[in-house]
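Enquirer: Please find one structure pasted underneath; my questions will follow.
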Amino acid sequence: MELLTVLSFLSVAAILTIMPGPDNMFTLAQSMAKGKKAGIYTTLGLCTGLIVHIGAATAVIAAVVYHSAIAFNAVKYAGAAYLLYLAYKSFMDKSSGINLGSADSLDYKSLYQKGIIMNLLNPKVSLFFLALFPQFINYEAGYVSLQMVLLGIVFIIQTILIFGLISVFAGKVGEFLRKNPMISKKMNYLQGSIFTLIGLKIAFTEK
């Protein structure tokens, strides 16, 4: 693959990653509520899910979902239901605000798993890769599957970097908000509202 092609793909990928969407909004909510490390572990989970989507796109498995409205809707509504469940848990939390606590007190494994589930239950990710990758493939050079894997690696690396920056920024904002007792008491509601909006967005999205 030519360097110019890779750089062009990187530019497009970065713009699409920065644009508001379910994954970066989910990372934003976790970082504001629990700190930057929570956002980073969530990011690692999301990127682990990306590996599955990239593999699906490479094997053209995503095409089956694209042509099957039932399969697409089943995954879509499962993702929406999961986010609404997380929103419900946030709204029902009766604690007086979210306490960041020590780094060791956070369940990083749970955050990582949430990131994976969140990403896997968004069927548009596979369709996104299936639509994007062919635009940057050099078919004359052969090794099409390998080229898609390389593009996938580039996409994951830039996602980790951008989401990492989002985590640090949102973590600082969350830390500032928690210093205000009145705002701190509303943090659970803020997080729940974000989860609700993301869930509804996924539920009502089209192919």
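The numbers here are math on the coordinates, done by the rules we state, and not lab data. Values in this document were obtained by computation on a predicted structure and should not be read as measured data. All Cβ positions, glycine included, derive from the backbone under ideal geometry; neighbour counts span all protein chains shown.
Enquirer: Sorted by average packing, counted as other Cβ atoms within 10 angstrom per residue and highest first, what order do 32-43, 6-17 take?
Expert: 32-43, 6-17
Enquirer: If each residue of separation counts as 0.36 nm, what is the full-extension length gain between I157 and S193 once their alpha-carbon separation is subtracted?
Expert: Length gained between I157 and S193: 10.0 nm.
Enquirer: Each residue of region 8-24 in turn: what ³J(HN,Hα) in whole Hz from Karplus with 6.51, -1.76, 1.60 and θ = phi - 60°, glycine and Pro shown as x?
Expert: Those phi angles translate into 5, 4, 4, 5, 5, 4, 5, 4, 5, 6, 6, 4, x, x, x, 5, 6 Hz.
Enquirer: Give me the distance in nm between label points sitting 7 Å out from Cα along the Cα-to-Cβ direction at N73 and Y143, one decimal.
Expert: 4.3
Enquirer: A further question follows. Checking the table K37/K124; K34/K89; K109/K172; K89/K109; K89/K124 against a 20 Å threshold on Cα-Cα, which pairs fail?
Expert: K37/K124; K109/K172; K89/K124
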